[in-house]
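To start, the structure under review is shown below, and the notes come after it.
Taken together, the values in this text are just the output of simple stated rules run on the coordinates, not laboratory data. All of these numbers come straight from a predicted model, not from anything done at the bench. Counting neighbours? That spans all protein chains shown, and the Cβs are built from the backbone with ideal geometry, glycine included.
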Amino acid sequence: MTLFSCTHPAWIEVDLGQFKKNLKAVRNRIGQKFFCLPVKADAYGHGIVEIAKAAEESLCVDYLGVSCLKEGAILRDRGISLPIIVFGALHEDQISDLIRYRLEVTVSSRYKAQLILQECCKLHQTCRVHVEVDTGMRRTGVRPETAKDLLLWIQDQKLLDLAGVYSHFATADRPHDSFALQQIEVFRELASHFSDLSVIWHLANSGGVVFYPDSYFDMVRPGLLCYGYFPDGSEDPMQEILPCFSVKAKVSYFKVVGPNEGISYGHLYKTARQTRIVTVPIGYGDGYHRSLSNLGFVSIRGKTYPISGAICMDQFMVDIKDEEVFVGDTVTLISADRKLGPSLEEVARLANTISYEILCSFHGRLVKKYFDK
Ligand SMILES: *Cc1c(COP(=O)(O)O)cnc(C)c1O
């Protein structure tokens, strides 16, 4: 038995068939624009290599987006050949590897652009760069006024290949947001000065794709949407774009507990009467938020049950009252099908966070199972 074939009683299920349907639906929506799929943070917890391979197979995607060298290097080492943009700020000691791995880098200052150029000269290679412009996120990116000079300077450097200019929304997860509209205008104004430049102008994240068709420019970069979720927590009215991520475990233990007994650390939950308690082998050590203690719920055999007491590092308990549940039964903690168990959005709301963070929390011990109907 190798590490990768061993069974484990708690796992993530990814429906690659539905994922590819989501990509097709986004492709239909954006027409002929370029399509960049963000696969950072292990493809929002879905598994970076498998998701990148599915994206490549789908023929819907033109670009992949990662946050750092490490993620891009993993994709190249595993044979992914799509163009890859690194969104994160550039680190001086990583430039030669970024070039070697054929990653397209984000440039947000003349100084960094010069460092890349030096490295290109040393290696006798070109590097494709995207200039990031800050239109309102105030994270990374040059000011629009500064962008003009930087773009002209990069254009003059033979070894720097200006591939794109981009910006990022701060508030586009809802429709009709005045600040998002303002960011689109600032970006459009800048682009209008460079209409003769043949580079890819890109701005739209998921919110942009769903709510701001004016933000498509030459390429869109929807992450959350491609994984099946709308950025405002609503559902796709067409029911085409659907989640493909579930978290499940097998009941590991069953016991009968008397009335007025405390359950788990701190006895946060007390039994009202003699009752049946089952144990689920997943905890905050797997990334299941401890804040769901006494608050979250799970689904077993089509019924919903509350989490009873504190979530431990490796397990938690569920009071099933008089219902029948057996050791080995499947427990659904997050359900891709919203009718069959807790949705990601419900779990995020109860844990007092956003869907993105829940997706990125699961790691380490859980195994991933992929299927493609
Ligand atoms: C993460 C990211 C995206 C995708 O954002 P979503 O809200 O998931 O659509 C797009 N662009 C950049 C630069 C990002 O870092």
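Some values worked out for this structure:
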{"item": "Lys122 versus Arg290: modelled label distance in nm, points set 7 Å from Cα along the beta carbon direction", "result": "4.4"}
{"item": "Cα-based helix-to-principal-axis angle, 110-123 vs the chain, degrees rounded to 10", "result": "80"}
{"item": "Helix-derived mean residue ellipticity, 222 nm - over the chain, DSSP H n ≥ 4, -39500 (n - 2.57), to 500", "result": "-8500 deg cm²/dmol"}
{"item": "Proximal aspartates and glutamates relative to Lys303, as straight alpha-carbon distance under 13 Å, when same-chain residues fewer than 8 apart are discounted", "result": "Asp319, Asp322, Glu323, Glu324, Asp329"}
{"item": "Highest average packing first - 7-13, 319-325, 307-313, 241-247, Cβ atoms within 10 Å", "result": "241-247, 307-313, 7-13, 319-325"}
{"item": "J(HN,Hα) series, region 49-61, from Karplus relation 6.51 cos²θ - 1.76 cosθ + 1.60, nearest Hz, glycine and proline x", "result": "6, 5, 5, 5, 5, 4, 5, 5, 4, 5, 6, 8, 10"}
{"item": "Listed residue pairs exceeding 23 Å between alpha carbons, taken from Lys53/Lys369; Lys21/Lys369; Lys33/Lys373; Lys21/Lys250; Lys21/Lys53; Lys53/Lys373", "result": "Lys33/Lys373; Lys21/Lys250"}
{"item": "From phi via Karplus (6.51, -1.76, 1.60), per-residue ³J(HN,Hα) for region 178-183 in Hz, x at Gly/Pro", "result": "5, 5, 4, 4, 5, 4"}
{"item": "Pairwise centroid distance, computed over Cα atoms, of region 209-228 with region 319-373, Å", "result": "27"}
{"item": "Rounded to whole Hz, the Karplus (6.51, -1.76, 1.60) HN-Hα couplings of region 14-23, x for glycine and proline", "result": "10, 8, 5, x, 5, 4, 5, 5, 4, 4"}
{"item": "Descending principal axes extents, the chain, alpha-carbon based, whole Å", "result": "78, 49, 39"}
{"item": "Calculated FRET efficiency for the pair Tyr265/Lys303, C-beta based, R₀ 25 Å, to 0.05", "result": "0.45"}
{"item": "Ordering of 255-265, 289-299 by burial proxy (mean other Cβ atoms within 10 Å per residue, highest first)", "result": "289-299, 255-265"}
{"item": "Linear extension gain, Gln114 paired with Arg188, 0.36 nm per residue minus alpha-carbon span", "result": "24.0 nm"}
{"item": "Among 200-208, 111-119, 58-66, 232-240, the order from most to least packed when residues are scored by Cβ within 10 Å on average", "result": "200-208, 58-66, 111-119, 232-240"}
{"item": "Under 5 Å, built H, 5+ apart or other chain: amide partners of Gly223", "result": "Ser206"}
{"item": "Candidates Phe362, Phe254, Phe316, ranked by Gaussian network fluctuation over the chain, Cα under 10 Å, top entry", "result": "Phe254"}
{"item": "Amide hydrogen neighbours beyond the local backbone of Ile200, cut-off 5 Å, H modeled", "result": "Gly164, Val165"}
{"item": "DSSP-defined beta bridges in the chain - what % are antiparallel, rounded to 5", "result": "50"}
